[in-house]
1. State whether one or more residues within region 47-56 are more than 29 Å from the chain's Cα centre (by Cα), surrounded by 13 or more Cβ atoms within 10 Å (Cβ to Cβ) and either assigned to a helix (DSSP H, G or I) or among the small types (G, A, S) (or both).
2. Given the criteria modelled with pLDDT under 90 and farther than 26 Å from G8 by Cα, does R208 qualify?
3. I'm told V106 meets every condition in (1) at pLDDT below 90; (2) within 16 Å of T146 (Cα to Cα) except one. Can you identify the failing condition by its number?
4. Can you tell me which of S28, S74 is over 25 Å from the mean Cα position of the chain (by Cα), under 25 Å from A122 (Cβ atoms) and hydroxyl-bearing (S, T, Y)?
5. Would you be able to say whether some residue in region 67-82 is surrounded by fewer than 19 Cβ atoms within 10 Å (Cβ to Cβ), within 17 Å of Q149 (Cβ to Cβ) and either touching a strand residue (DSSP E or B) at 6+ places or on another chain (Cβ under 7 Å) or modelled with pLDDT of 90 or more (or both)?
6. Got a sec? Which of D158, D198, D183 is surrounded by fewer than 19 Cβ atoms within 10 Å (Cβ to Cβ), farther than 25 Å from W96 by Cβ, modelled with pLDDT of 85 or more and assigned by TED's automatic domain parsing to the domain that holds A122?
7. From the list G128, G124, G144, which one is modelled with pLDDT of 80 or more, assigned by TED's automatic domain parsing to the domain that holds G177 and surrounded by fewer than 12 Cβ atoms within 10 Å (Cβ to Cβ)?
8. I'm told E98 meets every condition in (1) closer than 25 Å to K168 by Cα; (2) not in a helix (DSSP H, G or I) except one. Can you identify the failing condition by its number?
Amino acid sequence: MDASPNLGLLYFLSEIPDPRGRNGRQHSLVAILALACCAIMSGARSYAAIGQWAEDHDIALMHRLGFTRRPPKSGGIRKVLMALDLAALEAALTRWAEALLSRVPVVEVAPPHAFALDGKTARGSFDGLSKAVHLLSLVAHQSGLTMAQAEVPQGGRDKTNEHKAALKLLPGLVLEGRLITGDAMFCQRDLSQQILDDGGHYLLGRQRESADAPGRHPSGAGPGSRRGFFPLGSVASGLRPWTRRPRSRKGTAAVSGGLCRSRRL
């Protein structure tokens with residue numbers, strides 16, 4: 001990122017194009033967006049809550065956000081946000097987050113900064129006519145800051161679409177020297193290779209499932225295959241892959257070496 005780490009949120013919000021016409025503008029777009037960001041970071045989860053947050057705070061704070069008069073009501077804020085270019089907003093917030101993280105002092109010997117890929121369904125986004133919005137986010141472990149976010153098509157019904165959304169979310173982000181973590185949903189070779197090509201690292205979990213299940217994982221494990229998948233490749237090449245062990249007649253898992261858990265059925 002070529003932005004200076006000393007630049008604040010208002011600078012990055014000023015790069016977003018204003019969707020309103022030139023006539024009739026009473027408030028700056030930067031001020032409205034800054035108001036919405038502050039209200040959301042304070043816990044507001046609706047347009048009414050954003051408007052109430054503005055009414056509850058002193059006018060001096062509104063002036064610092066860029067307002068020259070009383071801020072608009074929730075209805076005016078809603079109209080501006082609905083007409084906004086979401087891609088431009090996401091890009092501006094991503095650049096702002098990168099600038100914040102660049103301020104963190106770097107220790108000579110320190111582990112890479114970790115970021116989690118995780119998908120969540122937005123609470124309150126189901127209106128009875130359309131399905132709830134499912135979002136995929138890249139969140140910093142240490143600060144909890146959302147680096148990037150994108151909507152997952154049909155994510156509420158099919159969670160496997162998170163992997164495809166991650167392939168489109170990561171390009172354009174700075175991954176060099178950073179660790180990307182995720183669950184078994186992201187344990188795919190194309191995603192892992194993309195992270196490595198961008199100079200990053202990854203730590204992806206994998207659920208231990210039946211070896212007779214169809215080829216769900218990038219190892220190509222299918223019917224008859226009993227080899228596990230280790231994303232770290234050569235690092236884990238010396239480990240013995242996990243395999244299913246036969247069960248004894250008494251209903252207890254038979255222990256014949258390797259990784260096995262005994263459990264009374």
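The values are calculated or read from the model by the stated rules, or taken from the named source; none is laboratory data. Computed from a prediction, not measured in an experiment: that's the story for all the values here. Glycine also receives a Cβ, built like all others from the backbone with ideal geometry; neighbour counts cover every protein chain displayed.
1. No, the conditions are met nowhere in region 47-56.
2. It is true that R208 is modelled with pLDDT under 90 and farther than 26 Å from G8 by Cα.
3. (2)
4. S74
5. yes
6. D183
7. Result of the check over G128, G124, G144: G144.
8. (2)
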